[in-house]
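All remarks here apply to the structure that follows.
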Amino acid sequence: MNRCDQARRLFGSYWDDEVTQAEREWLESHLAACPGCRQQYEQFARTLETVGSLPRTDVAADLAERALAAARRATTAPDRIAVVRARPVWIQVTATAALLLVGLSALLPWLGTPAVQRVLAGRNAKVAEPRLVATASRAPEPVRLDSLGIDHTEDVEFILDPVVLHRGRAQAPSRLPKGVQGEQAVISF
Amino acid sequence: MGRVAEDDERAFTELVRRFQGRVGNLISRVLNDRESVDDLAQEVFVRVFVHRRNYRRGSKFSTWVFTIAANLAKNEIRRRVRRRNWFSLDALTEVLSDSLPQLADPTESREQGLEREQLQGAVGRAIATVPEKYRLALVLRDIEGLAYEEIAEVLGLPGGTVRSRINRARGMLQRKLQPLLRKQEAP
């Protein structure tokens, strides 16, 4: 960078009086010796002087009153119906988390009980084959299907799932000897 | 401002009277549009009143009010650009011609007066052609006389960026005005 470029870079700081003593002395001596830079600085200073002396714009004489009237209008009017003020979200989140913690800590001792363990173990257990419980001394009276009010000759709907419905014909052939009662019934279709 | 925050409307009116000239001038120089000055200046003070409780006690009120004014002026420029309704450069000349008779030096000759008017008109038009981000910094510094630190706070920029923008704006302005300044220098 030559001396003139260096000098021109300092014009702004010099105008703002933000140069060091050494910079000021160096620039002033350069301006005294360099007519090109002197002319540039004069133009720079004249530009900023003119900018600073531009006539000021007047605002409306009643601006203060107008602003106050508009500010009153802009201030939120009170609600005409009672509205429950919403609490900050973090309070709800913290309260929910606290409730969950309390609930979990109450459940923990119960989770270890044998009843729960049986329920949990039973979820994965296979359905046991029907086993012989007792043999009837005589064959039971056959139940009349029509007495149940169900027509088993027609298609029967089995609800296996709360959502999915399967349609099929009821077929429940017993593999147990005649006259034997089973503790479980297996229905296949 | 403390009294304004406590809903003292008289204090608010006094505050508007104290700052309305500087706020109006900033808006006028940045937008180069006399017509919008009153409405935008009013909007600045409405926001001051509405958000009076957000004002941090101990900080400079001028910085806060200039921040609001600068943001509203920027929004207005962008709104106009979006609507392709860019403001006319001639508007400033009209403003200047309206204000000049009150400001003319009585000892100045008619010729000197015309020369000054011509230069001021050219400077006003030249400012309006400086890109917005440089223009705002220039107006805050060289017209409103804010310190660099205050401009940095108003514009939410680091001090170095503010200095660099002001230097660039001054350079642009000087280059735009160079032909006129040379002509005036010639005997």
Residue in the stretch B:33-51 that is at pLDDT 80 or above, among the polar types (S, T, N, Q) and not in a helix (DSSP H, G or I) present: yes
Looking only at the stretch B:12-24, and only at residues there that are surrounded by 15 or more Cβ atoms within 10 Å (Cβ to Cβ) and more than 8 Å from chain A (Cβ to nearest Cβ), the one that is nearest to B:ILE143 (Cα to Cα): B:ARG22
Members of the stretch B:130-151 found to be surrounded by fewer than 19 Cβ atoms within 10 Å (Cβ to Cβ) and not in a loop (DSSP other than H, G, I, E, B), listed by number: B:GLU132, B:LYS133, B:TYR148, B:GLU149
Residue check for A:SER29: small (Gly, Ala, Ser) and surrounded by 14 or more Cβ atoms within 10 Å (Cβ to Cβ): no
Which listed residue, of A:SER13, A:SER53, is more than 8 Å from every other protein chain (Cβ to nearest Cβ) and among the polar types (S, T, N, Q): A:SER13
Selection status of A:ARG3, on the phi < 0 side of the Ramachandran plot and without any contact (Cβ under 8 Å) to a residue 24 or more places away in the chain: no
Any hit, the stretch B:25-37, residues being within 12 Å of another protein chain (Cβ to nearest Cβ), of a type in the set (D, E, K, R) and in contact (Cβ under 8 Å) with a residue 60 or more places away in the chain: yes
Residues of the stretch A:56-76 classified as surrounded by fewer than 19 Cβ atoms within 10 Å (Cβ to Cβ) and within 20 Å of B:ARG125 (Cβ to Cβ), total: 1
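The values are calculated or read from the model by the stated rules, or taken from the named source; none is laboratory data. Everything numeric here is computed off the predicted structure, so don't read it as measured data. For neighbour counting, all protein chains shown are included, and Cβ atoms are generated from backbone atoms with ideal geometry for every residue, glycine included.
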